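> I have a structure here, written as structure tokens, and I will follow up with some questions on it.
Bear in mind that the values in this text are calculations on the coordinates, not laboratory data. Predicted model, so just to flag it, every value in this text is computed and none were measured. Methodologically, a virtual Cβ is constructed for each residue, glycine included, from the backbone with ideal geometry; neighbour enumeration extends over all protein chains shown.
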Amino acid sequence: MEKKKLSLKEIGIEKLIIIFLCGIFLLILSVPSFMGGGMEERKTETDSSDYSEKNQEMDTNSYISSMEARLKNILKKVDGIGQVEVMITLKTSKEKVPLKDNPYTDENITESDRAGGRRSSKNYRSEEKTVMLDQRDGDASPYVLKEMEPKLEGVLVLAEHGENVRITKEIIDAVQVLFDVPSHKIKVMKMQVTE
């Protein structure tokens, strides 16, 4: 069987232009950075860091709200305190402590020359790297050794009977025991009760 050769006249100019345009279209689709695909990847990275910051802020706010609610609930059950409102401020946010690898080399070199002179030198090199864990999706994240809860800066308690010295002392003692906050960082005030 003899193969038939196609000529340009048989294909036609219109079909050649369509084939050429399809080739260019396929080339554009195969290279994402050609049409701004690289920008999209960078935007995704920025969005994920923004999400991480917002997520951390939400975690911090929910931690504060949770601690305030728990303290409020426990204080209003104490005899003589009455109604209470609580505000907590933080010194630090939640911190994750990653595992660090600290390889080092320690080298002592002693040299002697023909004249009997000696020279010694010491070289010490240390390098710190964070130990990373490979995730299933191919990303790597630091191996977290421990998570440290936020440190409290101060506590404000508005109590219905906050003018009573005994009540004020009990509130300060309770907050010190629960949160390990020094007494000068705890303020108890009389609440204005509206009826």
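> In sequence order, what are the phi-derived ³J(HN,Hα) couplings for segment 14-29 according to the Karplus relation 6.51 cos²θ - 1.76 cosθ + 1.60 with θ = phi - 60°, rounded to whole Hz, with x for glycine and proline?
Those phi angles translate into 4, 5, 5, 5, 5, 5, 4, 5, 4, x, 5, 4, 5, 5, 5, 5 Hz.
> Give me the compactness ratio for segment 128-195, meaning the Cα radius of gyration over 2.2 N^0.38 Å.
Cα Rg divided by the expected 2.2 N^0.38 Å: 1.96.
> Return the sequence-ordered ³J(HN,Hα) values of segment 133-141 in whole Hz as given by the Karplus equation 6.51 cos²θ - 1.76 cosθ + 1.60 applied to θ = phi - 60°, using x for Gly and Pro.
Calculated HN-Hα couplings, in order: 10, 7, 8, 5, 7, x, 7, 10, 9 Hz.
> If you don't mind, there's one more thing I want to ask. Taking amide H atoms as placed 1.01 Å from N in the peptide plane, list the residues 5 or more away in sequence, or in a different chain, whose amide H sits under 5 Å from that of V78.
For V78, no residues qualify.
> Pick out, in residue order, every one of the trypsin sites (Lys or Arg not before Pro) in segment 130-184 that is DSSP loop and has at most 15 other C-beta atoms within 10 Å; say none if there are none.
Passing both the DSSP loop test and the Cβ count: R136, K151.
> Quickly rank 10-23, 59-72, 107-120 as a protection proxy: mean count of other C-beta atoms within 10 Å, highest first.
59-72, 10-23, 107-120
> Give the value in nm², to one decimal: projected area of the alpha carbon convex hull of segment 97-147, averaged over all directions.
Values: hull surface 21.8 nm².
Reported value for the Cα convex hull: 5.4 nm².
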